[in-house]
1. Name the residue that is surrounded by the fewest Cβ atoms within 10 Å (Cβ to Cβ), counting only residues in the range 238-268 that are closer than 15 Å to THR295 by Cα and either among the charged types (D, E, K, R) or touching a helix residue (DSSP H, G or I) at 6+ places or on another chain (Cβ under 6 Å) (or both).
2. Does LYS123 count as open to solvent by 70 Å² or more (accessible area, probe 1.4 Å), in contact with a Phe, Trp or Tyr (Cβ under 7 Å, 6 or more places away or on another chain) and in contact (Cβ under 8 Å) with a residue 60 or more places away in the chain?
3. When both residues are 6+ apart or on different chains and their Cβ atoms are under 9 Å apart, which pairs have a first residue that lies in the range 272-285 and is over 23 Å from THR323 (Cα atoms) and touching a residue at least 12 places away in the same chain (Cβ under 8 Å), and a second that is assigned to a helix (DSSP H, G or I) and open to solvent by 80 Å² or more (accessible area, probe 1.4 Å)?
4. Do we have any residue at all in the range 171-178 that's part of a helix (DSSP H, G or I), of a type in the set (Val, Ile, Thr) and open to solvent by less than 20 Å² (accessible area, probe 1.4 Å)?
5. TYR286: closer than 30 Å to ILE6 by Cα, aromatic (Phe, Trp, Tyr) and within 22 Å of the chain's Cα centre (by Cα), yes or no?
6. Mind listing just one residue for me: the one in the range 76-110 that is assigned to a loop (DSSP other than H, G, I, E, B) and of a type in the set (Asp, Glu) and, of those, most open to solvent (accessible area, probe 1.4 Å)?
7. If you go through the range 284-295 one residue at a time, do you hit one that is touching a Phe, Trp or Tyr at 6+ places or on another chain (Cβ under 6 Å) and not small (Gly, Ala, Ser)?
8. Residues of the range 140-157 being over 18 Å from LYS239 (Cα atoms) and either of a type in the set (D, E, K, R) or touching a Phe, Trp or Tyr at 6+ places or on another chain (Cβ under 7 Å) (or both), which ones?
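The values are calculated or read from the model by the stated rules, or taken from the named source; none is laboratory data. As the structure is a computational prediction, the values presented were derived from the model and not from experiment. A quick note on method: Cβ atoms are made from the backbone with ideal geometry, for glycine too, and the neighbour counts reach across all protein chains shown. The accessibility values were calculated without ligands, DNA or RNA, using every heavy atom of the protein model including side chains. Shrake-Rupley method; radii C 1.70, N 1.55, O 1.52, S 1.80 Å.
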Amino acid sequence: MAGALINDLINLDLTPVTDSIIAEYIWIGGSGTDMRSKARTLRGPITDPKQLPRWNYDGSSTGQAPGEDSEVILYPQAIFKDPFRRGNNILVICDAYTPAGEPIPTNKRYSAAQIFSHPEVEKEVPWYGLEQEYTLLQKDINWPLGWPVGGFPGPQGPYYCSTGADKAFGREVVDAHYKACLYAGINISGINGEVMPGQWEFQVGPSVGISAGDELWAARYILERITELAGVVLSLDPKPIKGDWNGAGCHTNYSTATMREEGGYEVIKAAIEKLGLRHKEHIAAYGEGNERRLTGHHETADMNTFSWGVANRGCSVRVGRDTEKDGKGYFEDRRPASNMDPYVVTSMVAETTILWKP
């Protein structure tokens, strides 16, 4: 009975009785991958982040400021509908600054926004499709969902895009997340079961410029909240299980206006050539622990060499058959790890392919 009453209270619709709304301010913590959030009451409805006040938090508790000068300021940057509280309540993606207005070191959105607002980049209208792979773990034992405790399931093969209680583990989390993202206004374009059992993927995009990063971070936050409710743990580790198991990446599909027009294939080839020249710099920025994943096995290219090919999933960069046939389109950078920062990766791809002059 108590559980039902709590559920009623959680799902209370505030709109008939008050114009107050709850705004959940979300930011990235000191590790660069952990997400933090706190809520406040505001007058609603809110339709634009510019309507929202700045706020602050204790940066000494997130590893982002010293105790003697602990205040970090949150700047609201993007808003989404809140699928948990619903009504006019919102999720707010923020970035973080010192009281003097300087972006703190973990604020990667700031420099990404500068690249995306560059006139040459704006003119190219860069589109991104981000394929976020992730692993669901059993709580307290750090072992994938559906795996026997302390043991292993049958080898890979039956699990990719699978159905069945012996092959697909955690679908209720995945479907809840899919619908919650659509409700929030995130441009989520699909989901699928991945090659390793207990591993899944969702795709965000096509999204333009900085919004790709905002939407992926919002989708990650919603996924973390749903796994919290389901009592499972979300892992973005690029190689959660050693051995003959696929790792987890965040393949980044990319195109510019000139790549999407007639003759775009030549522009794509020139862009890939530039990516090859800056391979080391990109690898360094593409996620922690990626060397455990990019081994040249399990549908990856070796991290020490750059390669590209048509329809080849063992290359650093893959060009689709349709792109080759049509002479225009997009390509996929397969190097980024599942724990990459989408602000860093999307802006770096744009900077290298559009602004960088070798």
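1. LYS242
2. For LYS123, the condition - open to solvent by 70 Å² or more (accessible area, probe 1.4 Å), in contact with a Phe, Trp or Tyr (Cβ under 7 Å, 6 or more places away or on another chain) and in contact (Cβ under 8 Å) with a residue 60 or more places away in the chain - is not met.
3. Going by the 9 Å Cβ cut-off, the qualifying pairs are ILE283/GLU291.
4. Looking through the range 171-178, at least one residue is part of a helix (DSSP H, G or I), of a type in the set (Val, Ile, Thr) and open to solvent by less than 20 Å² (accessible area, probe 1.4 Å).
5. No, not satisfied.
6. Checking each candidate, the answer is GLU102.
7. no
8. If the condition is that a residue be over 18 Å from LYS239 (Cα atoms) and either of a type in the set (D, E, K, R) or touching a Phe, Trp or Tyr at 6+ places or on another chain (Cβ under 7 Å) (or both), then ASP140, VAL149 are the ones that fit.
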